[in-house]
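In what follows, a single structure is set out as structure tokens and then discussed.
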Amino acid sequence: METVPTGSPTTARRRTVLRGAALAPVAGLGLAACSTGEGGKAPATPTAPVDLGAESEVPEGGAKLYRDANVVVSRSGDGALKAFSSICTHAGCAINKLSGTTLTCPCHGSEFDATTGKVLQAPATEPLHALPVEAKGGRIVAGPKA
Ligand code: FES
């Protein structure tokens, strides 16, 4: 009967494969917990005006979260628009949930008022950053001018 020594290349290869398999789920969890945006970059506030879409998408007294642009736009009862960066001021995660006019950060649960940018729920302590916004030809454009 032939025996395979414990330090044989076959055993070592098997260990390498098993180690790789054990790490794969950990790497997956790391990605899920991280809030990096497209291409692995950290999410960012627009640095120039961005066309967000039709003005009619933001109802009076309501708000709309533009996840791709990291901007939330609200409209008051008198029709005035306000825009804020939807990058959380606590640790920089991209806020991905809007319920009514309340934004909730997925990372540690901070909540913000989409009509004022104010913090409603810690751990964040700083309000969201306000952005210039205007309705132009029926479109909403938000972000700082160059
Ligand atoms: S990054 Fe948003 S609550 Fe921590």
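Listing for the model above:
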read-out: FRET efficiency, 1/(1 + (r/R0)^6) with R0 30 Å, evaluated for E126 and A48 via beta carbons; value: 0.85
read-out: With every protein chain in place, the stretch 38-142: carbon and sulfur % of accessible area (1.4 Å); value: 48 percent
read-out: For R139, distant residues with modelled amide H under 5 Å away; value: E55
read-out: Inter-label distance for S99 and A80, nm, one decimal - labels placed 7 Å from Cα along Cα-to-Cβ; value: 2.9 nm
read-out: Quotient of Cα Rg and 2.2 N^0.38 Å for the stretch 38-142, N being how many residues it contains; value: 1.00
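The values are calculated or read from the model by the stated rules, or taken from the named source; none is laboratory data. Small disclaimer: the values here were computed from a predicted structure and weren't measured. Virtual Cβ from ideal backbone geometry, glycine too; neighbours counted across all protein chains shown. Heavy atoms of the whole protein, side chains included, go into the accessibility calculation; ligands, DNA and RNA do not. Shrake-Rupley method; radii C 1.70, N 1.55, O 1.52, S 1.80 Å.
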